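Heads up, the thing below is written out as structure tokens.
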Amino acid sequence: MKYFLLLLFFSATTTTTTFFAQTLTKRLVVDMETRKIIPDARVIFEDQIYYSNDEGNVLLPSNAKDFEISLSGYVTQIINNFQPIIALKPAYSDIVEVKIINIDVKKIFKDVIKHYDDIYYDKSAMYDVTYSQRTFEDNEMRQLMIADGKFWSRNGEYNFKDGSKSNYDKFVQLQIDDLRYLKKVDYLFKGRAKTSIAPHDNIGNMFLSYHLSRIFGFMNSKDAVVRGRLLYENSEEQEIYFRIKLTTNSEYSGKIIFNKKDKAITYLEHNFLQSNSALQNVEDENGVKFLYQAGDGNFIYDFYKVGSKYVPARISVKSDGFKYITSSKDYIVSA
């Protein structure tokens, strides 16, 4: 099975998807009420995925019509004809009276994890992707890469057994076919805080199953304070805000789009705030000791339905303010 997948990892491994098979024309996506530009709006046209960029522009085939455009917080629309400007209607404007409704978000995560194979595509699949990677050190760009390639997954899930043995190629493989741009400058700080970062994370971040389990683990942490609130609801979906506060001064919050009929999380946005957590004493592979300070960042997982199963459209990881403190200098890494 083959789909187009948009991966946007702005960290160790990262991606985006662009298509060049046809003549493309630019459409501008804006808010219907404020006329402000809207980035990251998703367009599905003929089983291909497109997203509006930071300027609100999305490049679509000139003949594109009858396509779906959607974004969390806005009403999903079907565009039947050529429109140079696409105005999305805010979903929340339909709410006459604001009510605070608490949701058992922990139960939602638990049930989705339990029935993951029934909800998401669980067979071997090959995806056409574009990888986009960007990293900074002390506010200076150290690496920028844009490449087209392939992403293969054995069953759409992270395998902890193989991952613990570093046998990643048994369940996931990446291939670069066309390196479109590469800029690489050596990092000033040569060590890495290996002991402070879970060995699974770099590969695990590519999988929604891994991240759902990670968030559920935070929810089950001792003395964790978990909140879930309904932001918006229609006949098909709920938009739900969640917040997890830990005694380590770390906080994890975000929102999900939950399909009520399919019992599926179709969109997950997760913000992590760890810059107030305690410093960690670590040492690199050469035995050089330093302090490591976790940073802040954001994860996004966006899925859409094909047949009876959900497949990934976009994966994004951004991070900022990870600090390495040595006796002579502090280094701040963002991605």
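Readers should treat all values here as calculations from the given coordinates under stated rules, not as data from a laboratory. Computed from a predicted model, the values in this text were never measured in an experiment. No Cβ is skipped: glycine too gets one built from the backbone with ideal geometry, and neighbour counts run over all protein chains shown.
Can you give me the orientation-averaged projected area of the convex hull built on the Cα atoms of the range 247-310, in nm²?
6.9 nm²
I want to verify a result. In a Gaussian network model of the chain, Cα cutoff 10 Å, which of these has the top mean-square fluctuation: ILE38, ILE300, ILE256?
ILE38
Among residues other than PRO84 whose Cβ falls under 12 Å from its Cβ, what is the net charge (Lys/Arg +1, Asp/Glu -1)?
With Lys, Arg at +1 and Asp, Glu at -1, the net is +2.
Using a basic spin-label model with each label point 7 Å from the Cα along Cα→Cβ, how many nm lie between ASP111 and ASN80?
In this crude label model, ASP111 to ASN80 measures out at 3.6 nm.
Can you show me the helix-derived [θ] at 222 nm for the chain, built from DSSP H runs with n ≥ 4 at -39,500 (n - 2.57) apiece and divided by the number of residues, rounded to the nearest 500.
So the calculated ellipticity at 222 nm is -2500 deg cm²/dmol.
Counting pairs of Cα atoms in the range 101-164, how many percent are more than 20 Å apart?
In whole percent, the long-distance tail amounts to 59.
Along the positive direction of the dipole of the chain (beta-carbon charges: Lys, Arg +1; Asp, Glu -1; about the Cα centre), which of VAL282, TYR74, ASN63 reaches farthest?
Among VAL282, TYR74, ASN63, the one farthest towards the positive end of the dipole of the chain is VAL282.
Can you bin the range 42-174 into rounded, prolate or oblate? Criterion: square roots of the alpha carbon gyration tensor eigenvalues sorted a ≥ b ≥ c, rounded for a/c under 1.5, prolate for a/b above b/c, oblate for the rest.
Judged from the Cα gyration tensor, the range 42-174 comes out oblate (a/c at least 1.5, b/c at or above a/b).
Running a GNM on the chain with Cα contacts under 10 Å, which residue among ILE257, ILE101, ILE176 ends up with the highest mean-square fluctuation?
It is ILE101.
Taking the Cα centre of the chain as the origin, how large is its charge dipole in debye, to the nearest 20, when only Lys and Arg (+1) and Asp and Glu (-1) carry charge on their Cβ atoms? Mind showing how you got there, number by number?
Working: 44 positive and 43 negative charges, 106 e Å.
It comes to approximately 500 debye.
Can you list the HN-Hα couplings for the range 33-46, worked out from phi with the Karplus curve (6.51, -1.76, 1.60; θ = phi - 60°), rounded to whole Hz and with x for Gly and Pro?
8, 9, 6, 6, 5, 10, x, 6, 6, 9, 10, 10, 9, 6
For the range 121-172 and the range 265-323, compute the distance between their C-alpha centroids and round to whole Å.
Each part reduced to its Cα centre gives a spacing of 14 Å.
Could you state the angle between the C-alpha long axis of helix 208-219 and the longest principal axis of the C-alpha atoms of the chain, as a value from 0 to 90 degrees rounded to the nearest 10?
60 degrees
Longer than 31 Å from Cα to Cα, which of LYS26/LYS318; LYS161/LYS184; LYS106/LYS161; LYS110/LYS318 are they? Say none if no pair is.
Working: LYS26/LYS318 26 Å; LYS161/LYS184 33 Å; LYS106/LYS161 25 Å; LYS110/LYS318 25 Å.
Flagged as over cut-off: LYS161/LYS184.
Given the options HIS270, ILE215, GLY228, identify the residue whose Cα lies farthest towards the positive end of the charge dipole of the range 189-288 (+1 on Cβ of Lys, Arg; -1 on Cβ of Asp, Glu).
Sorting the options by dipole projection puts first GLY228.
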